[in-house]
Amino acid sequence: MPAPLPDAGSVTLGDVELPAFDVTADSFSFGNLDLGALTLKAVQNGPQWELQRLDLKSPEGLMSANGTWQLERGQPQTRMKVSLDLQDIGGWMRRLHLPEGVKGGTAKLDGTLAWRGNPYALDYASLSGQLTLDVRKGQFTRVDPGIGKLLGVVSLQSLPRRVSLDFRDVFSQGFAFDEIKGGITVTDGVMRTSDLLMVGPAARVAMKGSVDLGRETQDLDVRVAPSISDSVAVGTALLNPAVGLATFLVGRVLDNPIDNMISFEYKISGSWSDPQVAKVQQRAVGPVNGRQ
């Protein structure tokens, strides 16, 4: 299927009555993108086109969606329930010709989205909905801020360039994570979160605030707690194995109390390509768990 030409205009339900579709294909391409195997079922129901099933399956993962496309006050409106289940985040991004951004990793994303316009073209200015994210076992890679801008925001690769950190290598070399979880609300192209949590061997990161997709700006509060309790347990074990084991087990049961004693807090604002980072404070805190 060729990609729409920039000057071709947009097709709406007011222009054409779409037929029912029941299509399967072992290989489906949209423009120059190889999107894998396709399953598509859709019917026109009065003033709206019902997308009953859309599956795009590749070795890297499965994207599924269903929803409607209809005219509202003369304007096309798309509403979708979406689900993304990835076995290889980096491979899936390469398939879409996006900056890889992440090495390895699995991901699940579920939610609902709505926007003005056609199903094949997101309109950031009107994009609204809710999403939940669950990512496991991967590592961010450095990306060109002019290309992989949004990934640069999430990966915090701007921190080492803007402030002096005691754990500079945690982010400058690409943050390795065991899990990333959180909920996201989107209103008119502005994404907001209050509970995004990234947990890795080197640090825990809690993030809240907003990201404007259309203007490519951010307003985020970030708290970073470096992980030190495991190192303490290992060092203690060299001197006294029994005490070292007890230190390790207590850290796991009590959510790493030593790690939670020190945190670094930052305010990140400005554009994605030129973020402004201000160190807020360093203090004793409670658990860095995304709820505080």
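Yes/no per residue for (1) surrounded by 17 or more Cβ atoms within 10 Å (Cβ to Cβ); (2) modelled with pLDDT of 90 or more:
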residue: 197; (1), (2): yes, yes
residue: 204; (1), (2): yes, no
residue: 224; (1), (2): yes, no
residue: 237; (1), (2): no, no
residue: 245; (1), (2): no, no
residue: 249; (1), (2): no, no
Could you please find all residues in the range 62-76 being in contact with a Gly (Cβ under 9 Å, 6 or more places away or on another chain), open to solvent by less than 70 Å² (accessible area, probe 1.4 Å) and in contact (Cβ under 8 Å) with a residue 40 or more places away in the chain?
70, 71, 74, 76
Name the one entry in 71, 35 that is over 19 Å from residue 112 (Cβ atoms) and more than 21 Å from the chain's Cα centre (by Cα).
71
Of all residues in the range 89-110, which are of a type in the set (D, E, K, R) and modelled with pLDDT under 95?
94, 95, 100, 103
Please find, among 92, 115, the residue that is assigned to a strand (DSSP E or B) and without any contact (Cβ under 8 Å) to a residue 40 or more places away in the chain.
115
Taking the condition part of a strand (DSSP E or B) and basic (Lys, Arg), does residue 79 pass?
yes
Output the number of the condition that residue 161 fails; it satisfies all remaining conditions of (1) under 17 Å from the mean Cα position of the chain (by Cα); (2) open to solvent by 20 Å² or more (accessible area, probe 1.4 Å); (3) modelled with pLDDT under 80; (4) not aromatic (Phe, Trp, Tyr).
(1)
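The values are calculated or read from the model by the stated rules, or taken from the named source; none is laboratory data. This one's a predicted model, so the numbers in the text were calculated from it and none came from an experiment. As a convention, Cβ positions derive from the backbone with ideal geometry for all residues, glycine included, and neighbour counts pool all protein chains shown. With ligands, DNA and RNA removed, areas are computed over all heavy atoms of the protein, side chains included. Shrake-Rupley method; radii C 1.70, N 1.55, O 1.52, S 1.80 Å.
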